[in-house]
Amino acid sequence: MASRVGGRLGRVVIYGANSSPYAVKMRALMRYRHIPYIWKRLWIEEEGMKEQTVTPEFMPVVKYDDGQVQQGSTAIAYELERRFASLERSVIPRDQGLAFIVHLLEDFSDEWLMKATYSQRWVADDASRQFSARWAVADALTPASREHVHAQAKIYADKRVAQIPKMGCADGSFFQRVIRNVLVTMERHLNESNRFLLGSRPSLADFALYGQLSQLLIDPKPEAFMREQTPRVYAWVNAFGELSGVDGQWLTFTELESNLPQVLDVMLRKCGVMYLPYLKANAAAAAAGAPVFEIKLPGTVLVQPPLAYQTACWDETRERFRLLDPKSRARVEPLLRRTKVWGHLVDEAPHDDTPLEGFEEVVP
């Protein structure tokens, strides 16, 4: 049932920043679902909230009308499904198999494409980093003097750059190829008269993708690329923040399986050969207490310390897969085998090391 106060829907307060892909993801989701909310800048309106979060300038925090505070966009999205069930306009399909695909794609955008957008912003030339840092700080601190914004932006940028080794995104050229591959195939998807990833209705996977791509519209070089090479995606991202008047339908799993859109094929294949192997290696390193791990992926060698949150992502994805009923698991198996996702979820050794057919980079 929806949260209600005095017979009316209780408002949700979002503490976030426009420089956070996860905060704008949640704001767009609440607009689409017609959930009453108040947007507050975390750095300004509620300094005390910083004590309850790990990275307040990056991760959104919500406070529900009953006083509960929650962080983490995926957890928030599922909690909103529970609290505001009476509003309908769910972003999670009822079909278990389709819901698992949505979860996998959402997690891929949140955690793997995040590395790409982070590297585009901070593994960049000095001028681009300076612009992005000043924009993020000005958005959070205004009203503030030019001198104060510039000084705080320098501190902010230095902190973000120092996080690059921990984030595992130092190979900027590799992650540039990753994000451009997704952009170009999404451009084709939109040019083929599709509106969202899974039909004419947005799912949680769309909101996660939007969150990451929203940051590319701010950073100078990615923004220029999108204007020139993927103008439909540029327009899609600009419009996505306000979907309160959108209605539509998701594809059925049968429709999805019989005519899989290329953009989903590309994203799932990247899950199978990049993201899930990375999550597995991260979890193994964390379990072994290793200070750092290294994994060879198609096109790069990634080196970083294990991250506890991404160990949790690995565990959650496998648990969601485990909870699929036998019929749903059988339905998703051919698709997940084809994209080399299946073996990571069932601890099945790969049959061979041959590359995926059609996995070449799709970039201009």
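Of all the residues in segment 113-127, those that are in a helix (DSSP H, G or I) and either surrounded by fewer than 20 Cβ atoms within 10 Å (Cβ to Cβ) or not hydroxyl-bearing (Ser, Thr, Tyr) (or both) number 9. Within segment 266-306, the set of residues being crowded, with 18+ Cβ neighbours inside 10 Å, aliphatic (A, V, I, L, M) and not in a helix (DSSP H, G or I) comprises Ile295, Leu302.
When segment 245-265 is examined, which residues are found to be surrounded by fewer than 14 Cβ atoms within 10 Å (Cβ to Cβ) and under 11 Å from Pro202 (Cα atoms)? Hits for segment 245-265 are Asp247, Gly248, Gln249. Taken as a whole, the condition of being touching an Asp or Glu at 6+ places or on another chain (Cβ under 6 Å), under 29 Å from Trp342 (Cβ atoms) and modelled with pLDDT under 95 applies to Phe253. Of all the listed residues (Asp171, Asp110), the sole one being among the charged types (D, E, K, R), in contact (Cβ under 8 Å) with a residue 40 or more places away in the chain and open to solvent by 10 Å² or more (accessible area, probe 1.4 Å) is Asp171.
Conditions (1) in contact (Cβ under 8 Å) with a residue 60 or more places away in the chain; (2) of a type in the set (D, E, K, R), marked per residue:
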{"site": "Gly199", "(1), (2)": "no, no"}
{"site": "Ser203", "(1), (2)": "yes, no"}
{"site": "Gly211", "(1), (2)": "yes, no"}
{"site": "Phe225", "(1), (2)": "no, no"}
{"site": "Glu242", "(1), (2)": "yes, yes"}
{"site": "Gly245", "(1), (2)": "no, no"}
{"site": "Asn259", "(1), (2)": "no, no"}
{"site": "Lys270", "(1), (2)": "yes, yes"}
{"site": "Tyr275", "(1), (2)": "yes, no"}
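For segment 307-332, filtered to residues that are in a loop (DSSP other than H, G, I, E, B) and closer than 20 Å to Asp347 by Cα, the residue that is farthest from the chain's Cα centre (by Cα) is Asp325. Take Arg89 and tell me if it is basic (Lys, Arg), in contact with a helix residue (DSSP H, G or I) (Cβ under 6 Å, 6 or more places away or on another chain) and under 29 Å from Leu256 (Cα atoms). Yes.
Scanning segment 206-240 for residues that are in a loop (DSSP other than H, G, I, E, B) and crowded, with 16+ Cβ neighbours inside 10 Å turns up Ile218, Asp219, Thr230. Within segment 307-325, the set of residues being open to solvent by 60 Å² or more (accessible area, probe 1.4 Å) and within 14 Å of Glu111 (Cβ to Cβ) comprises Ala308, Tyr309, Asp315, Glu316.
Residues considered: Ile179, Ile164. Of these, the only one that is in contact (Cβ under 8 Å) with a residue 40 or more places away in the chain, in contact with a Leu (Cβ under 9 Å, 6 or more places away or on another chain) and under 28 Å from Pro305 (Cα atoms) is Ile179. When Arg94 is tested against (1) open to solvent by less than 70 Å² (accessible area, probe 1.4 Å); (2) under 28 Å from Gln262 (Cα atoms), only condition (1) is not met. Inspect segment 344-360 for any residue being modelled with pLDDT of 95 or more and not hydroxyl-bearing (Ser, Thr, Tyr) and give the result as yes or no. Scanning segment 344-360, I find at least one residue that is modelled with pLDDT of 95 or more and not hydroxyl-bearing (Ser, Thr, Tyr), so the answer is yes. Residues of segment 174-205 that are of a type in the set (Ser, Thr, Tyr) and open to solvent by 10 Å² or more (accessible area, probe 1.4 Å): Ser193, Ser200.
The values are calculated or read from the model by the stated rules, or taken from the named source; none is laboratory data. Predicted, not measured: the structure shown is a model, and the values here were computed from it. Positions of Cβ are backbone-derived with ideal geometry, glycine not excepted, and every protein chain shown enters the neighbour counts. Ligands, DNA and RNA are stripped out before the accessible areas are found, and what is left, the full protein with its side chains, is counted by its heavy atoms. Shrake-Rupley method; radii C 1.70, N 1.55, O 1.52, S 1.80 Å.
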